[in-house]
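Values in this text are rule-based calculations from the coordinates and carry no lab data. Quantities reported herein were computed from a predicted structural model and do not represent experimental measurements. Heads up, the Cβs are rebuilt from the backbone with ideal geometry, glycines too, and the neighbour counts pull from every protein chain shown.
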Amino acid sequence: MNPTANSSFVYVTFIRTTPEKLWAALTDPAQMKEYWFGMHFETEWKKGAEWRMLFPDGKVADTGEIVEFDPPKRILLRWRNEFRPELKAEGYALCTIDIEPYGDAVRLSIAHTMERAESQFIQAVSGGWPKILSNLKSLLETGQIALTQRDHSHGR
């Protein structure tokens, strides 16, 4: 495979929490809405299940399938954007979420990859994930999010 035909984004952060609390935050729609600017996943959270990410108004943002589900260590998702035609046309990316204990904290790694050079989808998620994960870290460590929906929309 030609490495130039791939696009990828990797983000690693350390959160002072437990793998179980982080896992719950990643898979519970109520917690997700708090740090993901009102958005949340709708799925059965099991291998082979389809998932949809919904905007606060209920419109579908993204869809895919759960490829791997290993609580509280790993989630692997097929992921496609549904609301921007130019991103949807690129097809599916893979999103790997890995959780590892790291001392008194947890190492969270998010990797988004697509078999396409210079993917617009990968470029889009590389701008969104840092904001989402900053909010997740703040919420788990302090009980409050760092950025509001208003902050998020100003950064676009």
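What lysines does LYS131 reach when the alpha-carbon gap must be under 25 Å and sequence neighbours fewer than 8 apart in one chain are set aside? Of all the lysines, those that pass the test against LYS131 - Cα under 25 Å, at least 8 places apart if same chain - are LYS21, LYS33, LYS59, LYS73, LYS88. Per-residue Cβ neighbour counts within 10 Å put TYR92, TYR35, TYR102 in the sequence TYR102, TYR92, TYR35, beginning with the fewest. Can you tell me, using C-alpha contacts under 8 Å and at least 6 residues apart, the relative contact order of the stretch 3-154 as a whole percent? Averaging sequence separation for qualifying contacts and normalising by length gives 28 percent for the stretch 3-154.
Computed from point charges on the beta carbon alone (+1 for Lys and Arg, -1 for Asp and Glu), the dipole magnitude for the stretch 77-136 about its Cα centre is near 180 Debye. Of SER134, GLN120, ASN81, which is farthest along the charge dipole of the stretch 3-154 in the positive direction, counting Lys and Arg as +1 and Asp and Glu as -1 at C-beta? Working it through, the farthest residue towards the positive pole turns out to be SER134. Counted by Cβ distance under 12 Å from ASN6, the other residues give a net charge of -1, where Lys and Arg count +1 and Asp and Glu count -1. Overall form of the stretch 67-154: oblate. Here a/c, set by the Cα gyration tensor axes a ≥ b ≥ c, is 1.5 or more, and a/b is not larger than b/c.
Here the gap between GLU68 and GLU118, fully extended at 0.36 nm per residue and compared with their Cα-Cα distance, gives a gain of 15.4 nm.
Quick check: from the Cα gyration tensor, does the stretch 3-154 come out rounded (a/c under 1.5), prolate or oblate? The shape class here is rounded. About the centre of its Cα atoms, the chain shows a dipole size close to 220 debye [charges on the beta carbon of Lys, Arg (+1) and Asp, Glu (-1) only; nearest 20 debye]. So if I take the centroid of the Cα atoms in the stretch 93-131 and the same for the stretch 31-91, what is the distance between those two points in Å? For the stretch 93-131 versus the stretch 31-91, the Cα centre distance is 13 Å.
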